[in-house]
1. Divide, for region A:348-421, the radius of gyration over alpha carbons by 2.2 N^0.38 Å, where N is the residue count.
2. Mind sorting A:Asp421, A:Asp495 by how few other Cβ atoms lie within 10 Å of their own Cβ, fewest first?
3. Amide H neighbours of A:Ile465 under 5 Å, at least 5 residues apart or on other chains, H built in the peptide plane: list them.
4. How large is ³J(HN,Hα), in whole Hz, for each residue of region A:383-388 in order, when computed from phi with the Karplus curve 6.51 cos²θ - 1.76 cosθ + 1.60 and θ = phi - 60°, using x for Gly and Pro?
5. Viscosity 1.306 mPa s, temperature 10 °C: Stokes-Einstein D of chain B from its Kirkwood Cα radius, in µm² per second?
6. Taking the 0 to 90 degree range and rounding to the nearest ten, how far is the long axis of helix B:143-163 tilted relative to the main principal axis of chain B, both from C-alpha atoms?
7. By the scheme Lys and Arg +1, Asp and Glu -1, what is the net charge of all other residues having a beta-carbon under 13 Å from that of A:Leu480?
8. Arrange A:Glu415, A:Glu526 by Cβ neighbour counts within 10 Å, fewest through most, would you?
Amino acid sequence: MTEIIICPECGAENPEDATFCEVCHAPLIVDEESDLISPKSLDQDDFDLLNAVEDDLPGLLHALKQDDQSLSSGEGNLEEGEPVLESDDLFNPDEGQEGNEIPDWLHRIRERASEEDDSVGEITQKISAAKDSLAGEKRSSQHESFESWIQKLRGPIRGMPEEKLEEGVDDEDTEQEPEDVTPKEPDWLQKIRQAEGKISTTDASENIGDGEEKLLNWLATLEEPGEKETVDEEDAEEEDENTQQVETDVSGVTQEVAVNGEPSFEVIPPKLQVTPEEKTQAEKLASMIMDESTPRPIRKLKRRSPLGSARFFFALLLIVSLSVSLFLGQRGLIQTPAIMPQTEGFLNWAENIPQGSSLLLVFDYQPAFSSEINLIATPVLERLAEEESKISVISSSISGPVLYRQLFQGIGALEAVSIVDLGYFPIGAFGAFDLGMGFSANWVLAGLPDSPKNLPSGGFDGILIFADTYEGARAWIEQLTILMPETTINLLVTDQAMPMLMPYFDSGQVKGMVSGLNSGAILESELSQSSQTAARWWAYQVGLILMMGVMVIGAIYAGYQHKEERGEG
Amino acid sequence: MTFQYEIFWIVVSFLLTVMVLSYLLGDNVFFRIAAHLFIGVTSGYVVLLIINEIILPYMLNPLITGTWIDRLWLGIPILLILLLIISQIKKFTWIGSLPLAYLAGLAAAVAVGGAVFGTLIPQSRTIIDSFDPAIVNVTSGQGWVNILDAVVMLIGVIGTLSFFHFGRKRNPETDADLSKRPMIFEGLSKIGQVFIGITLGAVFAGIFSSTLLALIDRILIIGQFITNLIGSV
C-alpha cells in the first residue's frame, strides 16, 4: 500500500513525494508523521466511509433532506449571522445556539453524526481525517486552513472571476490560494459542488469567509430545492431582460449568465430527468389513458338466439317420442346385442358362483342412476339369491344404505338373503383401505378396539362394485387389488363410467364388467327371466337416433353460424 | 292405509319429476322449489347418516360400553376432533393444523399408494405384456391382430403422454419459435389428440346413454302413474 498526502486546502489525495497539491497547487506541508496518512494508520472503516462519501455524498444529503421535508414543514431556515461553529460542534445536537432556526433535518444529521460512525457522520469523519492530517505545531493555522477548505468545498465556480472569489475569501486564504485554480478536482469534490449549485454563487461569494457557517448555510439551502436565489434583487429584476445565454443543464447546477454584459451566475432549476425506461412507461400509460378515453366501437346487439326455442322444441320432441315408443311402440328386443369381452368375463363369473359363497357388494352410485344400475343388477342379484350367497354390503355414497335395500326389495330378496351391512364410508379409498387391511394386515396394535364390522373370517369369494362414476370405482379397485389380490372383482357400472374403467379390465385387475342397457339385456337373457330392458329397448333406440339427429342438425347449424359470423367479420 | 301411503309418495315423486323437468321452460319457481327441497332433504339425511353410521358405532358406543383401553384409544380421535372445533375460534386457528395435517398425510398416503400400485404399475405392465410373444401368439391366426392392437395401444399411450408434455426447449438460442415444443413432441401430441378425442367421445356417449336411461325411467314412472290413475277412475 502506498502512502498518500491529503491536501490541507482541497482535500485531494496526492502521492507521497508530492510537495504541492496536484489539484490546487497548494503547498503540502509535511509535518512529522501527522500529515502522512497511511492506510494502515486509518481504520479500514474510515476508508470505506470516505470512499462512500465520495461516491454518494450529494445523494445522501438530498435523501436526508427530502426525508426531513416530509417531516418538518414549519421549520425555519438558517439565518445568516449565526455564530460560527466549530466543525466538531457542527453536528452537535446539544448545540442550542441555533434554536428553532436550524431545521429539524439538520438536527437529525447532527444527532446521527454524534451517535453513529456511518451515514452523514461520514462527513464528520472526512473532516476529522483532514483535520488530523493537519495536526501538529501548525494546528491553529491549519484550523483556519480547514475553514478555507470548507470554503473550497463551495469552491471557485467554474468560470467565475477570481476577483469574485477574493472578495468573499479571507485574506489568509487568498494568500494561499493560487491564482491559476484549475477545475481539475476529485470526483467527490465535483459532486459536492454540483449539489452546491442549488445556491447562487453570488450568495456563496458574499458569504465566503464565514467558515463552517457556510457549510450550514449550504446545507440549509438544500432544504428548498429549485428555489431560485439570485445574486441580488436588482440583478434578479434585470435578469430576464439581459440574459444573453443560459446554458441549461439537467443537473440543475449553477450556470454562467451574462448580466448587463458582465458575467454573473444563477441557479438553473434542475430539469426533470427522465430515463428511457420511465419515458417508455409514461408513453404506455398515456396510450392507455388515450385508449380509455377514446369511444369504444359500438357492437351490434346480437339478435336473440333461436337456440332457446330450438332446445325446448327438441326436448319436447324427445319426451314425446320416448313416451310414444314406451307406451305405444313395439316391446321386446329385435336381437340380442353382441357380447363384449368384459361382459363375457362377468357372465363366466356369475354363472359359476358357488352356492353359499361369501360376496361383498360395494355401493357407490347416486339415486339418479339407480334405474340403469337396477337393469344390470337385478339379474345378478336374483342369481345370488338362488345360490344363497352370504352378502356383505358396504357403501361409499350417502344413498348406498337406502339403495341396496331398494334393490333387494325390488327382487323380493331383502328378507330371504343373508345381508350384513358393513356401514358407510364417506371416502371410498379409506373404506377400501380399512376393509383390505382388515384381511391382509399381519400386525395389530395391542389393545386396538375391534371393528364394529362383522367381517367374514374366510374373506370374500368375490367383490361386486356398483358405481356410477369412474372415480368412485377406481378408488375401490386400486385399494382392493393391492390389499386383496386373490379376490375376484367385478363391476356393475353405468355407461358413463365404463370407457374409463376398461383399462382395469384389460390389465386383468377386474374379472368382468357390465354396463348399460345392452349388458342388461344380455344378463336378462342369460341369468333371469325379467323383462325390464325389453320395456325400455325401443325407447332407448328411438332416443339414440333422435339425439344423433339433433347432433347432426346442431353441427350443421354451428357451421352455418360460424360461416355467417366470418362473413360479418 | 298402505295404499294411501304409496299413492302419496307416487304423487310426490310425480310432482317433483315434473317440477324438475319444467326447467326446459327456463329457470322457474317450481324448479327452484324442487332443487331446494332436494338440497334440504339431502342435508338432513347426511346428518342422520353420519350420526347413525359413524358417530354412534365408532365413537359413542365404545365410549359407553367399551373397556378402559378402548376409551383410551378413542382419546386420539376425540382430541383431534376437539382441536378442529377449537380451530374455528379465530385466535386458535393454528390449532387446527394438527388434525388437518394428519388427515392430509393419511389421504396422500392412501391415494398415492393406490395410484402407484393399483393403477400405474399394473397399467404399465399391461402395455409391456402386450408385446410378449407368448401372449401375442396365444391365438393361432390372430397374431397380427394382437400385434396391431398392441402397437395402437402403445402409440395411443405415447401420443397422449406427449400431448400433456409441457416441457420447453433446452436450447432457445437455436430454435426460433419458443412457443412450440420439440418437433417430435408436436407430432406425437397430434396423434395423442386423436386418441384423447376418441376417449372423450366415448365418455360423452356413455353420459348421454346414462342420462337417456334415467329420462326413460322417469317417463315410465310418470306414464305408469297416469295409467294407474286413469285405470282406478
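Bear in mind that the values in this text are calculations on the coordinates, not laboratory data. A quick note: this is a predicted structure, and the numbers were derived from the prediction, not measured. Here the Cβ positions follow ideal geometry from the backbone for every residue, glycine too, while neighbour counts run over all protein chains shown.
1. Working: Rg = 11.7 Å, N = 74, 2.2 N^0.38 = 11.3 Å.
Cα-based Rg divided by the globular estimate yields 1.03.
2. Neighbour counts put them in this order, fewest first: A:Asp421, A:Asp495.
3. Those qualifying (amide H under 5 Å, at least 5 residues apart or on another chain) are A:Val362, A:Asn490, A:Leu491, A:Leu492.
4. 5, 5, 5, 5, 8, 6
5. After rounding, the answer is 62 µm²/s.
6. So the inclination is approximately 80 degrees.
7. On the way: positive: A:Arg474, A:Lys511; negative: A:Asp364, A:Asp434, A:Glu478, A:Glu486.
Local net charge: -2.
8. A:Glu415, A:Glu526
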